[in-house]
Every structure is written in C-alpha cells, then in structure tokens.
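Every number in this text was worked out from the coordinates using simple rules, so none of it is lab data. All figures in this text were calculated on a predicted structure; none of them were measured in a lab. Virtual Cβ from ideal backbone geometry, glycine too; neighbours counted across all protein chains shown.
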There are 2 protein chains.
Amino acid sequence: MFESAELGQRIDKAAYDAEAPQLRAELLDLQYDLLTSRRFPVLILVNGLDGAGKGETVNLLNAWMDPRHIHTVGFGDPSDEERQRPTMWRYWRALPGKGRIGVFFGNWYAEPITGWVRKDLKREAAAHHLERILRFEKMLADEGALILKFWFHLSRDNQKRRLKTLAKDPKTAWRITEQDWWRFENYDRYHRMAEYVLRRTSTAQAPWVAVDGFDPRFRALTVGRLLAAAIRRRLAQPDTTLRIAAAPLLPVPSGANVLTALDLSRKLAKKSYASELARWQGRLNQLVRDERFAKRSLVLVFEGNDAAGKGGAIRRITGALDARSYRVVPIGAPTEEEREQPYLWRFWRHVPGHGRVTVFDRSWYGRVLVERIEGLCAEADWMRAYSEINDFEDQLVRHGAVVVKFWLSISKDEQYRRFKEREETRFKNFKITDEDWRNREKWDAYETAVCQMVDRTSTEVAPWTLVEAEDKNFARIKVLKTVVKRLEAALDDSAG
Amino acid sequence: MFESAELGQRIDKAAYDAEAPQLRAELLDLQYDLLTSRRFPVLILVNGLDGAGKGETVNLLNAWMDPRHIHTVGFGDPSDEERQRPTMWRYWRALPGKGRIGVFFGNWYAEPITGWVRKDLKREAAAHHLERILRFEKMLADEGALILKFWFHLSRDNQKRRLKTLAKDPKTAWRITEQDWWRFENYDRYHRMAEYVLRRTSTAQAPWVAVDGFDPRFRALTVGRLLAAAIRRRLAQPDTTLRIAAAPLLPVPSGANVLTALDLSRKLAKKSYASELARWQGRLNQLVRDERFAKRSLVLVFEGNDAAGKGGAIRRITGALDARSYRVVPIGAPTEEEREQPYLWRFWRHVPGHGRVTVFDRSWYGRVLVERIEGLCAEADWMRAYSEINDFEDQLVRHGAVVVKFWLSISKDEQYRRFKEREETRFKNFKITDEDWRNREKWDAYETAVCQMVDRTSTEVAPWTLVEAEDKNFARIKVLKTVVKRLEAALDDSAG
C-alpha cells in the first residue's frame, strides 16, 4: 500500500519551477469555475504521519488558491456542545456548501487510527467506525461531493530524519512534542493500522492517495496535480449520474399492507380520554425531569396523512413538558443554505443536546414520501435515502437519543370530512390549501410509499409506530403512551 | 414601580372561563397572520421572582398557540463555545427569524440583576451592562422586532406563601431549591435592583410590564391580552417607520478629507518588499503562536475601492498563518436565513473563538457604503448602523478580540488602469464585472461615504487604518505591519 510512498521521492527545483506557476494558475481558474458553477463541494481529507508535510501542503494550497473560498478546519478535542451529540455532528456542521472547498484535518479517520494505536480501541470497534465512515462518505459522494483523501507518508528512516530536523531548527522546534516522538516509536503500529484503514476505505467514489511526504516539491505537485485533475474532470462531466435505482419498488400484489391492516374503528371515550391524558402527560413530565434523562435526549418524528392530527398530537406532548426543554421543528421547503448541503444537513442542525427534546413535525422522511411521489428528486436519490436515514437514526440512538417515529393514519373518507370542515371553519382555514387537495388525488401512491418506508426504516433501534388516528382521542393517547413506554424502557436500560 | 403587582390581584374562574377561549383563538390567529406575513419577529423576555409563575405562563402560551413556531430558550450556564465569544453571541444565535416568536428566559437581564444581588457585580458595572442592553434592544427594535418584557412579581408575603406551597406538594417540591430560599432571603435586594433595572430599561420601543404573579388566571390574562394587542396593533401598522434621519450627512464643504490627505505616491521598491514581507510575516506567525494569543482572537476587516488590492493583501496575511487557525469570510449578498435576521446577525455568526483569526473581505461596513449609496436601505437604517457597528466592535474588543480595519485607497486613474488590465487578462477576467464600472461612476459619493464612515467608526478600541494602495507592495507591507503592531500591543497589554 505504501511502497512508492516510502521511496523518498523527489522533484528537482528546475522541474518544479517549470510546472508550479502553471499549476497554480490552473488551480485558481478551476476554483473560480467551481465557485461560479455552484455545482458541488470539494472535500479534501488530510491525514498521515507527523512530519510528512500535512500542514505545509494545506498552507500551500491556501496560498495558491483563493483562501476566501477554502474552509480549512482542524478538528481537535470536541467542544461540550459537540460532545452532547453524535460524533459526526461536528463534521456535518463544518461541511462546505456547493462551490466551495473544505480541507479537514484531524477528521473522522483520526479516531479509529489513533484510538487503535493508543490501544483505546479494539480492532473490531475500529472496523465498526470504518463501516460508518464508508456509509457517510458514500452519502456525501451520492449527494455530489467531490472527495479527495490524502495520506501523507514517510518511511521510518525519513520520519526520524524529519522529526530531528524540525526539532533542531529553533523556528520549527515548537512543533515537535513528546507526542510526536511517542507516535514515532509506534511507527509500526501506525503503519499497520493505516494500511488497514486505507485498504478498507478506498472506494471508487472516495479513493485514498498515499503521498510520499519527504520532499516538499514532490508532495506539492502530487497534491496540486490531483486536485486540479479531479476538479477539471468533474466540471466537464454533466450532472447526469445514475438517476434510477437498479430495480423499481412495486406495491405488494395482494393489496394487504401495514396500513390496511390497521383497525381504524378504534376509539376512546371522552371521559376515559381526560383521565388517560392526565395520567400519561404526568408520567412523561416526570420522565423528562428524571436525572437519568440528563444524559439522554428525545427525538420525536411525526408523519401522517394530511389532516390526520399531527399538530394536535404534538400539542398533547408539548403540553406535558416545560417549554424550555423542547423545541418543535416544522419542516417545510429548505432554505437557500440548506439547499447547498447534503439532504440530511437540515435535520442534523436540530439534533438536541443532553436532557432535551426535539419534535419534528414532518421530517427527513419527506424524501421517501412527498419528494418521491412528486418527482422532486431522482429515484436513485430517494432509494438511497432509506439507508442514509437508518444510519442517521442509528447514530442518534447510539449516542443516547430515544427516537420515536409516528405515522398517523386516517381513512380517505375521514380526510375528506376534515378537509371540508377546515374549509368551513374560518379559524382553521389556514390549514387547508390547494396542495392538500392535490395530494389527496395521489392517495394510493402515498399508501404504497408509506408502507415501503415502514418496511425499510422500521428498525430495532428506531421502530415506527403506526397510529389509528380516525379517532383523535385514541390517537393522542396512543402517541403519548408510546413515548412514555419507549422513554421509560430506555432510561431503565441506561440505569442497568 | 411594583405597586399594583403586589396587590395579590385575582381573576375569578367564571370571568376567566368567559375570556380565555376567545383570547386563545385570537392569539392563534394572530400567530398565523404573523407567520404568513413574515414581517417581523416577536421577542418575549421573561424575568422575575421565583414562584411568580414565569415557567407556567410560558408553558401556557405554548399550549395556547402553535408551539412549532415558538422558540422558547432557557439560557443557563454558557457552553465553552459561548464563553469564547462576547456575552451577546449566545443571544444572537438564538434570535427568532421574521414571522416567529422567541421566548427568552434567563436572558440578558439575568446577569446584571443576579450579579448585583450576589454582590459579584458593582452597581456601576451593572449600569454599564444595562447601557449595552439598551443599545442592543434599540437595534432589535429598529430592525423591526416587536419586544415585550415581562417582570413576574410577588409581594414578599405572597412569595413566601408560594414557595411554601410548592415545597409542600410532592409534585412540585423538586422545583424549590436552596437557591430559591436564598433568593427569597434577599427579597429586598432583588426588589431594589429590579426596580432600578426596570426603570432604566423601560423604553417606548421595549417597555417593561410588571405582572402580579400570585394568581395563575390573572397572569395568564395579563400576558395573553398584552401579547395579542401588541401583535394585532403591529400587524395593522404599515412598515413605514421613520425612513429618514433627522439631519442629512453632507460632505465637508472644503473638499479636503482623510482620503485626499493620503499621499498615494508612496512606494516600496521590489527588493525591500521581499525582505520586509519575510520579516513581518515571520513576526505575525510568531504572534499567533504566542501562548498569550490562546485567550485572544483577531478580527481583520478589509474594505477599499474596487481593484484596490484587498485580495492580494489578505493573501499576504494568510500566507503567514497556519490554514487551521484562520478563516476568510467573503461578504456578498445575504442568504435567505440571513435576510430574516437583524443586519449584524450574519457577521456575529463568524465571530472567532479563542486563538483564532477571522478575515472579513468586505464587512458590516457594506451598510454605510454600498447599501447607502445604492439606496438598498433607508437613510435611517444606515444612519443608525454607525453606532450599532461601534457597539459590535466594542463587544468584540472587550471580550479580547483585536479588531483591525483597513481601507485600501487608490486613485481614480489607477483604478481605470487596473480595470482595463483585468479585462485584458483572461486569468483576471472573473474579477471585473459591469457592476464595477457602474460603481466607478459613483466615485464621489463613495468618497464622501468613506470619509464619514471613518469619522464615525474609527474608535479608540477599533481604529481605521487608511492604506495608500497605489503601490501594491507598499500597501501589503503597511497592512502586515499594522496587524503585527496592533497584535503585539494587545498581547503585551494583556500580559501587563
């Protein structure tokens, strides 16, 4: 894997001086073409051995190109806001928008590599990390990001030589710490782990390039050339990647499905409703104040037919909570900044910290529901969304969030009745639009999409709860009770 | 100040039941009108004594209205990201956008009041806080925010009664802590300070309302009625607040000004340039690595005539820095999310943390330059920007940032030469647009605006540096040298 990167490669000054100015002009040109096109972001990951010129190369790229449109981030220890959220949150918030270049040091590869070398992390746990990284990078690439991953390398002798040179020069001595020497002593372990990581995570969409870091001119040209070639090639390529999935998703031929299986006649009498409401709201209130919740969080997702009563159900939840502890996020059309980022970015921004509740009124499932049915995104895009969403929720849950997802289901007749009622009540007028009537015409398509969504995204860690919502009282209590039960189980679990 | 709020006011159940449902429906209606109009944000500040029903009232508002469009925030201890930035940063990042309602607990009044009662803060320091708050709220109001400030009050006897009741009931006992009793023992001190604060910070744009918090029905109707009335009135009012300032800003009649006073013939020979560049870049590099900088930050602002060489000067700065330590923020048209916030919001988001450098390529001064001259905002808006900007920079500096601002100045002839050169060089083509030629026609207007900007915003804490930029080498070294000198002085100062 590192054979040619340990040769001590060199470029002589004359050759470098003949090429560098041109390369630099080309990179700057490409950067502006990229910026003007606003077509995709470029993500450069910088990893490698100490003394192999990581920082120097990045500084050079910033000097060659226009640093105003490069976002270089060195990820050190996470801040407390970051520690309260899944590991990937800090990377999500730093992602460059379309047309921009992000350079990430100390990125998502730092933890598995350093953790394993320091023996904090077993190989299996590291493998699990890598698997998650692979899925994350696949998502980024599918969203259009151009990803370049550089591993700056040195042979053992050359690393020793470099560290000694840096330590001797008073101008650079500050850069060499005990840590660096410790890492050098573990050269073999680093080498082995890096070899494994590069092998496991080099993909066609995001390949690794090992760079011999010994000679500054050599590494500058290697990185510069590759970056220029990658951007040039990508700009020349039209945005017609594969737009369809391998096989279409068809409804089941029998007509029986999870929605038709619901017994919509379920009801709750008004009298029982009042006492049940008080009972479950009281329990929810207590759970959120439970000290065990201080290290957890709660993410609620509400989806459902139009007029199925999402808003009312949400208010029965929030009614049990202190307004300072929750946030309701209504999901509508994405903003300009959100459109320049991968699809899930706008949801990542609202991931709650410890001890907090976020309620999504509509959610990331829009991609496999309305966007799918209205043709707002390509088939290949909503098809991959199922696994991206599962990944996202898995990360939330692993980090301590309790994720509860509801589909509120009503019959077509009941929806008609509610639409009419809304049109006639001045007070509820704002709730009914032409779009609602249009969506209604696609009832069957939605039904199929919902069933497939449930099949593909109801997971052990974040299962769907289908709610018979023909009777509002019944639905509201079922929602409350489900939240309480799930939260209770999770807190008991974390205590045990 | 609190006379009627200590009467133990009450509303009987019948009167409440007759009014509440209507009020609730009206509030919900108004909330939707507000949301649809997207005209202004509503900011509700909640302060007051323990046990006076602050939390309960806010929960009620969230229950009455649609909680999806209310953002309730309880500000507790700042996070480490917040501690690294000026105090107001956390409030800026939580501001509701136009059409939304923000409810802020533990807001900017908490520190001066509690600090003084706890004797952490002298009255003079508290007064200084209040002055800053007044300016902040004035800015918010001028930007269109509807601000309501509630002080929930109780007489001494009633507070004692409330705390005892809450402590006795097992359902609410958890809410009463030692802290609450300590605060109750300091009732007089709280009372005195609150009186002072309310008196000093009640303005026509953001008046305080003291609410007798003893009876839940009374406080619910008081707050609900006022909120409804305020939103209703404001929605009915057209957006034609005062659009002009009291007196116009005229150029000085003599024609002599800070720009014409510059000696644009100043030059630096190529040979000296190379050695000077190395010298000042070296010093800058060392300063940013100085351990004293780990608790400071650096904010650089670049403004100047088109083609004056801002980009080149910036690259000479960044060339001295490690790419991980700085961020260059180019300022163009605001995004959708930025347009829904007060003008300075888009700059607050980029305020650097400790040990970091942010370079603004164009900046908040756009308001008093291009926006003023192109008529993109009303006269009254850019007129008030001078003091808002001074405030902003003052906060940065007080929190440890070094703010260095440059105006790069070239002659009209030199600009023409550079424009032509850019048009002819394919490589620099992207840098020249029709807009540049149009701006040039307004040379005199810009000159006046720049001089007035310098006069009004060159402060002791954040002075302007005017740079003779006819000769690029001279300009770049002057910029570098100025940054080094300012930073050096600041670090020496912080050590002393």
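Quick look at the values:
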| item | result |
| --- | --- |
| Distant-in-sequence amide H partners of B:GLY48 (H built 1.01 Å from N, under 5 Å) | B:PHE152 |
| Relative contact order of chain B, defined on C-alpha pairs under 8 angstrom at six or more residues apart (%) | 19 |
| Simple Cβ-charge dipole of chain B, Lys/Arg +1 and Asp/Glu -1, about Cα centre, in debye nearest 20 | 1080 |
| More than 23 Å apart - percent of Cα-Cα pairs taken over the range B:208-356 | 68 |
| Inter-copy label distances at B:GLU131 (7 Å, Cα→Cβ; nm, one decimal) | 6.2 |
| Residue-by-residue Karplus 3J(HN,Hα) for the range A:77-83, coefficients 6.51, -1.76, 1.60, Hz, glycine and proline x | 5, x, 6, 5, 5, 6, 5 |
| Share of alpha-carbon pairs per 5 Å distance bin for the range A:1-133, given as whole % | 2, 8, 14, 17, 18, 16, 12, 8, 4, 1, 0 |
| Size of electric dipole in the range A:270-495: Cβ of Lys, Arg +1 and of Asp, Glu -1, about Cα centre, debye, nearest 20 | 1180 |
| Number of partner chain Cβ atoms within 10 Å, mean per residue of B:103-109 | 1 |
| Interchain or long-range residues, amide H under 5 Å from B:VAL301's placed H | B:PHE360, B:VAL404, B:LYS405, B:PHE406 |
| Other copies of B:PRO207: label-to-label distances in nm, shortest first, labels 7 Å along the beta-carbon direction | 7.2 |
| Residue (of B:ALA333, B:VAL467, B:GLY282) at the positive-pole extreme of the range B:270-495, dipole from beta-carbon charges | B:GLY282 |
| Calculated [θ] (222 nm, deg cm²/dmol) that DSSP helices of n ≥ 4 give over the protein assembly as shown, each run adding -39,500 (n - 2.57) | -16000 deg cm²/dmol |
| Dimensionless Rg over Rh [the range A:1-76; C-alpha; Kirkwood] | 1.00 |
| Percent RCO, i.e. relative contact order, over the range B:160-299, from Cα pairs under 8 Å lying at least 6 residues apart | 8 |
| Note, ³J(HN,Hα) from phi for the range B:332-340, Karplus 6.51, -1.76, 1.60, rounded to Hz, x at Gly and Pro | x, 5, x, 7, 3, 5, 5, 5, 8 |
| Cα gyration tensor of the range A:4-236 - equivalent ellipsoid semi-axes, whole Å, descending | 26, 25, 16 |
| Order of B:GLU303, A:GLU435 under a 10 Å beta carbon neighbour criterion, fewest first | A:GLU435, B:GLU303 |
| Isotropically averaged projected area of the range A:270-495, using the convex hull of Cα atoms (one quarter of hull area), nm² | 12.8 |
| Calculated diffusion of the range A:274-378, Stokes-Einstein form, Kirkwood radius summed over Cα pairs, 4 °C and 1.567 mPa s, µm²/s | 84 |
| Burial ordering of A:THR57, A:THR165, fewest other beta-carbon atoms within 10 Å first | A:THR165, A:THR57 |
| Closest approach to the A/B rotation axis among chain A Cβ atoms, residue and whole-Å value | A:GLU336, 2 |
| Whole-angstrom Cα spans of chain A along principal axes, big to small | 86, 51, 41 |
| Average other protein chain Cβ within 10 Å of Cβ, residues B:27-33 | 2 |
| Hz values of 3J(HN,Hα) by residue in the range A:314-322 - Karplus curve (6.51, -1.76, 1.60), Gly and Pro given as x | 4, 5, 6, 6, 5, x, 8, 10, 6 |
| Along each principal axis, Cα extent of the range A:389-496, largest first, Å | 53, 27, 21 |
| At 7 Å out from Cα toward Cβ: A:GLU421 inter-copy label distances (nm, ascending) | 7.4 |
| Cα-Cα separations in the range B:444-492 greater than 14 Å, expressed as whole percent | 64 |
| Distance from the range B:16-44 to the range A:429-496 (C-alpha centre basis), Å | 28 |
| Estimated dipole of the protein assembly as shown in Debye, rounded to 20 [Cβ of Lys and Arg +1, of Asp and Glu -1, Cα centre] | 1360 |
| Kirkwood-Stokes translational diffusion coefficient of the protein assembly as shown, alpha-carbon pairs, 20 °C, 1.002 mPa s, µm²/s | 68 |
| Label-point separation in nm, A:ALA204 to A:ASN186, each point 7 Å along Cα→Cβ | 3.6 |
| Amide H partners (placed H, <5 Å) of B:TRP108, local residues excluded | none |
| Packing rank of B:253-266, B:131-144, where each peptide gets the mean count of other beta carbons within 10 Å, highest leading | B:131-144, B:253-266 |
| Charge dipole of chain A about the Cα centre (unit charges at C-beta), most positive-ward option of A:ALA490, A:VAL403, A:GLN9 | A:ALA490 |
| Calculated FRET efficiency for the pair A:GLU178/B:THR177, C-beta based, R₀ 56 Å, to 0.05 | 0.80 |
| Residues A:SER37, B:SER458, A:SER363, sorted so that the one with the fewest Cβ neighbours within 10 Å comes first | A:SER37, B:SER458, A:SER363 |
